[in-house]
Amino acid sequence: MWFKKGKEIRKAAINRKTNEVDIKGEFIIDGRGKAKVVTGFEPLNHLLTLFAFHGLFNLNLKAKGDLPHHIIEDIGIALGKAFKEALGDKAGINRYGTFSMTMDKVVVEVNIDISGRPVLHRQVSANNKVKVDTILANETFDDTSFTSRDTEEFLEAFTQHAGLSLVYNIKSGEGDLHHLLEALFKAMGKALDQATQIDPRREGIPSTKGIID
């Protein structure tokens with residue numbers, strides 16, 4: 001069994017099997033940024049690997065299924081559930097995290113609250129908003145069929161089942177969809193790493209309510 005600073009490593013199995021998909025693996029919050037991801041979609045493999053690497057999570061995930069819509073959404077569901085389970089009662093966590101990631105001329109800021117009240121919101125405040133909106137609406141990830149809509153589908157399922165408030169802001173978008181999504185997933189990993197860290201000064205649940213659902 002792995003331990004961190006005298007405490008048991010926070011981890012959970014990833015397991016979702018339906019008539020449409022079969023998803024298996026493991027998610028470790030207190031990891032080393034190691035990932036082995038096989039989803040059938042190379043862009044999603046790449047983005048989840050970046051998420052794990054920069055968040056210092058360990059992620060082992062293998063997914064197969066019928067339709068792209070089902071696989072992408074259900075990966076978000078399965079990973080979100082594993083994330084929530086791995087967090088346990090959330091005692092002592094920072095709860096909040098924010099990170100602004102730069103990639104070439106792209107800047108994406110991600111803000112996280114492990115609130116138990118799921119929210120996903122995208123904002124574009126770049127001075128070239130029309131261009132960014134066009135990229136998000138029309139471009140694909142390199143020469144694949146993967147689009148920003150696929151990303152939103154994954155993120156919506158992940159945040160709902162992980163119990164996260166996730167707001168991200170595309171602050172500069174002088175690039176392509178590849179760079180925008182890479183910056184987003186790197187920033188998400190960094191912000192979630194901050195939010196899940198234990199603050200030794202904190203006793204109990206980081207909420208005046210005394211509970212985070």
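The values are calculated or read from the model by the stated rules, or taken from the named source; none is laboratory data. The shown structure was predicted, so the numbers you read here are calculated from the model rather than taken from an experiment. Neighbour counts run over all protein chains shown; Cβ positions are idealised from the backbone, glycine included.
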Is it true that LEU79 is on the phi < 0 side of the Ramachandran plot, free of Cβ contacts under 8 Å to residues at least 40 places away in the same chain, of a type in the set (A, V, I, L, M, F, W, C) and crowded, with 23+ Cβ neighbours inside 10 Å?
-> no
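Take the residues in region 158-176 that are of a type in the set (Ser, Thr, Tyr) and assigned to a strand (DSSP E or B); name whichever of them is nearest to ILE114 (Cα to Cα). Write out each step before concluding.
Start the filter on region 158-176 by keeping residues that are of a type in the set (Ser, Thr, Tyr), which leaves 159, 165, 168, 172.
Still in the list and also assigned to a strand (DSSP E or B): 165, 168, 172.
On the way: SER165: 6, TYR168: 15, SER172: 26 Å.
Here the residue is SER165.
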For residues that are assigned to a strand (DSSP E or B) and touching a helix residue (DSSP H, G or I) at 6+ places or on another chain (Cβ under 9 Å), scanning just region 112-140, find the one that is nearest to GLY173 (Cα to Cα).
-> VAL124
Region 55-70, residues that are touching a Gly at 6+ places or on another chain (Cβ under 7 Å), among the aliphatic types (A, V, I, L, M), closer than 20 Å to GLU153 by Cα and surrounded by fewer than 22 Cβ atoms within 10 Å (Cβ to Cβ) = none
Could you please tell me which pairs satisfy a Cβ distance under 9 Å, a separation of 6+ or placement on different chains, a first residue in region 174-199 that is farther than 14 Å from ASP150 by Cα and surrounded by fewer than 20 Cβ atoms within 10 Å (Cβ to Cβ), and a second residue that is acidic (Asp, Glu) and modelled with pLDDT of 95 or more?
-> ASP176/GLU139
Counting just the residues of region 165-213 that are touching a strand residue (DSSP E or B) at 6+ places or on another chain (Cβ under 8 Å) and hydroxyl-bearing (Ser, Thr, Tyr), which one comes out farthest from ALA137 (Cα to Cα)?
-> THR196
What are the residue pairs meeting all of these: first residue in region 147-172, first residue closer than 17 Å to ILE71 by Cβ, second residue of a type in the set (Gly, Ala, Ser), Cβ atoms under 6 Å, and 6 or more apart or on different chains?
-> PHE154/GLY76; ALA157/GLY76; PHE158/GLY76; PHE158/GLY80; HIS161/GLY80
Within the set of pairs 6+ apart or on separate chains, which have a first residue in region 93-105 that is closer than 17 Å to LEU166 by Cα, a second that is part of a strand (DSSP E or B), and C-beta atoms under 6 Å apart?
-> TYR96/ASP113; GLY97/ILE112; THR98/ASN111; PHE99/VAL110; SER100/GLU109; MET101/VAL108
Quick one: which residue in ASP104, ASP142 is in contact with a Pro (Cβ under 9 Å, 6 or more places away or on another chain), at pLDDT below 95 and surrounded by fewer than 17 Cβ atoms within 10 Å (Cβ to Cβ)?
-> ASP142
Positions within region 37-76 being touching a residue at least 24 places away in the same chain (Cβ under 8 Å) and of a type in the set (Ser, Thr, Tyr), in sequence order = THR39
Scanning region 173-190 residue by residue, those among the small types (Gly, Ala, Ser), closer than 17 Å to ARG122 by Cβ and within 17 Å of the chain's Cα centre (by Cα) turn out to be ALA183, ALA187
Flagged pairs (Cβ under 9 angstrom, 6 or more apart or on separate chains; first in region 125-139, more than 15 Å from GLU152 (Cβ to Cβ); second part of a helix (DSSP H, G or I)) are ALA126/VAL132
